[in-house]
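The numbers here are math on the coordinates, done by the rules we state, and not lab data. Computed from a predicted model, the values in this text were never measured in an experiment. Here the Cβ is made from the backbone with ideal geometry for all residues, glycine too, and neighbour counts use every protein chain on show.
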Amino acid sequence: MWSAFFSKNRQRHRILARMTPGPLRDYFAVPFPEKNTALCDTPIVALDFETSGLDPHQHHLVSVGLVAINSLAIELGSAWHQIVFSKHGMTEQSAVLHQITDDTLRHGMDIQQLMPLLLQQLTGKVLLVHHAALELQFLNNICQRLYQQPFLIPYIDTEILARRRHARRDQPTRAGDLRLFALREQYHLPVSAAHNALNDALGTAELFLALIAEIAPRGDARLADVLCG
């Protein structure tokens, strides 16, 4: 796990060396947090995307939600939610799922305006996501398209942390056990509306703090203890 972290920092330097000025270069110019940083001193951003589908090459962002965690406390004042402009219509199923209409999307923020703002929010931070593969794939695809360079960030995945917890306890994992709402229920966290990017980012942040209280009850966790990539 630590070797992967070092490799990611080396990748950041290599990417930075070949980049032209712009929002992504500014993002890569700031070092990632050190692996041995106390978790309570690690700046973290919980992020969630709602998308029109699961393929980043064919589908698009619908909305972005995020909230910062500093000193292992959620900073509600940092909460940010943004609808993303798209000229592509929503399917009826997606519109019902996300409660976002075609008209709402047409009044959203263009991705070229949104990405610099999002990159600023993520600069120098560790990303926190539940089932991180989707967000990372979309971020990488967008950066490749807009800036011709890959996206890179150290991240924590609450789904992976929960899977490790189940494995340590020799606890069988059934289908659906590791979904965000199911894990929140296991930790007696309040029910919140699903398929809203900001609600899910906040829900992931709360779940993470509940997991950390169990992983490191003495509050002595390091970033390396929970880093997933």
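Quick notes
- Projecting label points 7 angstrom from Cα along Cα→Cβ for residue 9 and residue 133 puts them 2.9 nm apart.
- Counting 0.36 nm for each residue step from residue 188 to residue 29 and taking away their Cα separation leaves a gain of 53.2 nm.
- Across the options 198, 217, 21, the greatest Cα extent toward the positive end of the charge dipole of the chain (unit charges at beta carbon of Lys, Arg, Asp, Glu) belongs to 21.
- When +1 charges are put on Lys and Arg Cβ atoms and -1 charges on Asp and Glu Cβ atoms, the dipole computed for the chain relative to its Cα centre reaches about 880 debye.
- Our coupling estimate for the stretch 185-194, obtained by passing each phi through the Karplus curve with A = 6.51, B = -1.76, C = 1.60 and θ = phi - 60°, is 5, 4, 9, 6, 8, x, 6, 9, 5, 7 Hz, Gly and Pro reported as x.
- Per-residue HN-Hα couplings for the stretch 44-55 [Karplus 6.51, -1.76, 1.60; θ = phi - 60°; Hz; x = Gly/Pro]: 10, 10, 7, 10, 9, 10, 9, 10, 7, x, 9, 9
- Cut-off of 10 Å, at most 13 other beta carbons, DSSP loop: longest stretch of the chain lacking such trypsin sites (Lys or Arg not before Pro): 88-168
- Modelled this way, with points 7 Å down the Cα-to-C-beta line, the labels at residue 168 and residue 106 are 5.2 nm from one another.
- A full extension of the chain between residue 87 and residue 113 corresponds to an added length of 7.8 nm, given 0.36 nm per residue minus the alpha carbon distance.
- Gain on full stretching of the segment that runs from residue 215 to residue 71 - 0.36 nm per residue minus C-alpha separation: 50.2 nm
- In this simple spin-label approximation, residue 177 and residue 41 carry label points 7 Å from Cα along the Cα→Cβ vector, and these lie 3.7 nm apart.
- Estimated vicinal HN-Hα couplings, Hz - the stretch 175-180 in sequence order (Karplus 6.51, -1.76, 1.60; Gly, Pro = x): 4, x, 5, 9, 6, 4
- With neighbour counts taken as other beta-carbon atoms within 10 Å, the residues 27, 155, 147 rank, fewest first, as 147, 155, 27.
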